[in-house]
Amino acid sequence: MTAIPAIRIPARIGWTLPLLGAAVLAAFFLSLAIGSAPLGPAAMLAGLFGGADETTTIIMREIRLPRAALGLLIGATLGLSGSGMQGLFRNPLAEPGIIGASSLAAVGAVLALYFGLYAAFTLALPLCGIAGALVAVLLLHVIAGRDSDVLVLILAGVAISSLGGALVALAINLSASPYAVSEIVFWLMGSLAERSLEHFWLAMPFILAGWILIASTARALDALSLDDATAESLGFALSGVRLRLIVGTALAVGASVSVSGSIGFVGLVVPHLLRPLVGHRPGRLLPASALGGALLLLLADIAVRLMPTATELRLGVVTALVGVPFFLMLVLKTRRRTS
């Protein structure tokens with residue numbers, strides 16, 4: 001395999017990952033500190049590692065720690081998978097939510113809840129979510145193909161998302177229990193609240209497997225940013241690269257959606273903001289987007305807890321309110337560039 005020529009890295013690019021890592025760490029500890037019960041640093045540490053009273057221990061280990069840990073895990077997944085999809089399709093509008101992966105992953109998870117599979121078999125929830133995400137990414141790959149223009153990509157994603165929405169609506173319509181309908185609707189809005197460490201450990205193996213597959217394509221994505229012929233001449237098997245990205249995205253996004261519900265636009269916003277900071281190299285954008293996604297989702301989850309509303313806003317609602325204007329701005333910018 002021929003090596004990709006070395007490129008001199010500007011100093012600001014070298015500082016991007018350490019600064020993002022420090023910001024994620026700060027946001028993680030801030031997430032642990034935010035809550036209705038005021039706790040000082042000493043009480044927080046005692047609640048996490050032992051030595052605190054029962055109430056403080058429950059607050060830290062069963063409420064705040066799972067929420068912060070899932071925010072980090074799922075945010076990193078959405079950022080990483082969005083960056084990988086954009087590198088694969090060579091299109092800045094590709095993202096798990098836009099392309100329908102989150103929607104069909106939600107369908108798989110809803111079916112697992114609807115038919116009671118989760119109660120009978122714990123792994124049914126992430127496995128069904130993964131299957132749904134895999135179907136969505138494969139459909140997009142067949143419909144839109146590689147090097148698709150913006151319109152084709154958006155239309156294919158809308159069609160897949162509409163299919164997912166219709167299937168979820170069908171499940172809700174056929175449900176005989178109003179309580180089940182309410183649970184499905186609130187779950188679909190996306191949230192990290194009322195989750196436990198069991199959800200974290202349930203999703204983590206699949207998410208880590210997806211991360212490894214996506215990360216393994218970093219050098220190939222750098223070559224693909226030129227063109228297919230160049231990538232092949234450098235020794236990359238493009239069919240294998242696409243397969244790893246598709247399966248990795250399905251594993252990571254499907255498992256994430258199965259425990260958090262649908263949280264969109266993180267994978268669209270984060271790679272776009274960070275791309276100039278990594279020299280526009282898709283391979284370098286992968287770890288930066290993972291850290292950026294974790295940071296964005298942790299900060300968004302902190303924000304919903306601090307908002308003075310009667311009931312806590314769902315995280316997916318907040319990310320959509322931020323992401324939709326950004327998406328429209330990006331569409332208009334892309335349109336002006338191609339016109």
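Annotations for the structure displayed:
- Search result, residues across the range 63-89 that are of a type in the set (S, T, N, Q) and either touching a Phe, Trp or Tyr at 6+ places or on another chain (Cβ under 8 Å) or surrounded by 24 or more Cβ atoms within 10 Å (Cβ to Cβ) (or both): T77, S81, S83
- Listed by position, the helices (runs of 4 or more DSSP H) enclosed by the range 1-58 include none that has at least 3 residues that are surrounded by 10 or more Cβ atoms within 10 Å (Cβ to Cβ), at pLDDT 90 or above and touching a Phe, Trp or Tyr at 6+ places or on another chain (Cβ under 6 Å).
- Residues of the range 225-259 classified as over 12 Å from L134 (Cα atoms) and either touching a helix residue (DSSP H, G or I) at 6+ places or on another chain (Cβ under 7 Å) or charged (D, E, K, R) (or both), total: 15
- Among the helices (runs of 4 or more DSSP H) confined to the range 188-290, the ones with at least 1 residues that are under 12 Å from the mean Cα position of the chain (by Cα) and in contact (Cβ under 8 Å) with a residue 24 or more places away in the chain are located at 197-215, 238-260, 266-274.
- Taken together, L155, L197 contain a single residue that is open to solvent by 40 Å² or more (accessible area, probe 1.4 Å) and more than 26 Å from L313 (Cβ to Cβ), which is L155.
- Of all residues in the range 90-104, those being buried (at least 24 other Cβ atoms within 10 Å of the Cβ) and at pLDDT below 90 number 10.
- Residue satisfying condition, being surrounded by fewer than 20 Cβ atoms within 10 Å (Cβ to Cβ) and over 22 Å from R90 (Cα atoms), within set L313, L277: L313
- L295 falls short of the stated requirement of being outside any helix (DSSP H, G or I), hydrophobic (A, V, I, L, M, F, W, C) and over 25 Å from G132 (Cα atoms).
- Considering residues of the range 175-187 that are assigned to a helix (DSSP H, G or I) and in contact (Cβ under 8 Å) with a residue 24 or more places away in the chain only, the residue nearest to L313 (Cα to Cα): F186
The values are calculated or read from the model by the stated rules, or taken from the named source; none is laboratory data. No experiment lies behind these values; they were computed from the predicted model shown. As a convention, Cβ positions derive from the backbone with ideal geometry for all residues, glycine included, and neighbour counts pool all protein chains shown. Only protein heavy atoms, including side chains, enter the accessible area calculation; ligands, DNA and RNA are left aside. Shrake-Rupley method; radii C 1.70, N 1.55, O 1.52, S 1.80 Å.
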